[in-house]
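Notes follow once the structure below has been shown.
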Amino acid sequence: TGLYKSTILRLLASLIRFGCVQQLPDTTYKLGHAVMKWGNVYRQSLRLEDHVVPVLNRLVELTGEGASYFRREGDVRLCLFRVDPRHSVRDHIYAGQVLPLTQGAAGRVLVEFEGDPARWPTTRVFFSVGEREPDIAALAAPVFGPDDAVVGSIAISGPSSRFAETVLPSHTAAVREAAINLTRHFGGNADWLLGLRRP
């Protein structure tokens, strides 16, 4: 930290007094109960729109395609947020729309990344063409919350003719970066998306 030991001990004493840190009998330290309280306050004040929409806007800016955020609702997926591209020819999805869970990259993500992380696929960004609509392509990645729980999927979609092999690497990287950002906002662990750990 670059701080003097006396300064650190003084700060620790204050953190212990306010329940932020707890000193154990072996003289080591761990986080205190106040951190859990702050976490609950943060979760209660978290407005999805404040975090998701700016990320979707950035995806549209980077890729030129429409960007969506989906959540699983039983056997279907619900589009919670959508930002349309500037193209007149596009994938027509709207916030509140219910779509099949088993069709399209975003739906497959919500299914494939449930349960035990040891059973997750090695693919971090899914690509689909013509699964939901004949001429529509999509790229999607999972968004994780605490305890490796999948809380949603973020996706771009548009006419398959615009998802050429020349743009797929940059589009894939943009979608993965968006998933990493949202995962961090939601208190999840982005290591798997970053390739720092294996399923």
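The table below lists the values:
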| item | result |
| --- | --- |
| Rounded tilt (10° steps) of 5-17 against the dominant C-alpha axis of the chain | 80 degrees |
| Global geometry of region 7-84, whether rounded, prolate or oblate, following the gyration tensor of its Cα atoms and the 1.5 cut on a/c | prolate |
| Nearest-ten-degree value, helix 33-45 long axis tilted from longest Cα axis of the chain | 30 degrees |
| For residue 37, solvent-accessible area (1.4 Å; no DNA, RNA or ligand), Å² | 140 Å² |
| Label assignment, log10 I(q)/I(0) by the Debye sum over Cα atoms at q = 0.09, 0.17 Å⁻¹ derived from the structure, set (1) -0.42, -1.06; (2) -0.37, -1.12; (3) -0.48, -1.25 | (1) |
| In Å², nearest 10: area of residue 51 left accessible to a 1.4 Å probe | 40 Å² |
| Overall dimensions of region 140-193 as given by Cα atoms, namely Rg and Dmax in Å | 12.4, 38 |
| Tensor-based shape of region 97-173 (alpha-carbon gyration tensor, a/c under 1.5 rounded, otherwise prolate or oblate) | prolate |
| Amide H partners (placed H, <5 Å) of residue 144, local residues excluded | 151, 183 |
| Ranking by accessible area, most exposed first, for 4, 29, 69, 94 with a 1.4 Å probe | 4, 94, 29, 69 |
| Integer Hz, Karplus 6.51/-1.76/1.60 couplings in order for region 121-134, x for Gly and Pro | x, 7, 6, 9, 10, 8, 10, 9, 9, x, 7, 9, 10, x |
| Where 136, 16 fall by accessible area, highest first, once all protein chains stay in place (1.4 Å) | 16, 136 |
| Percent accessible area from carbon and sulfur atoms, the chain, protein chains only, probe 1.4 Å | 54 percent |
| Accessible-area order (highest first, 1.4 angstrom probe) of the listed residues 99, 62, 48, 196 | 196, 62, 48, 99 |
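The values are calculated or read from the model by the stated rules, or taken from the named source; none is laboratory data. Being a predicted model, the structure only gives us computed values, none of them experimental. Areas reflect the complete protein model, heavy atoms only, side chains present, ligands, DNA and RNA absent. Shrake-Rupley method; radii C 1.70, N 1.55, O 1.52, S 1.80 Å.
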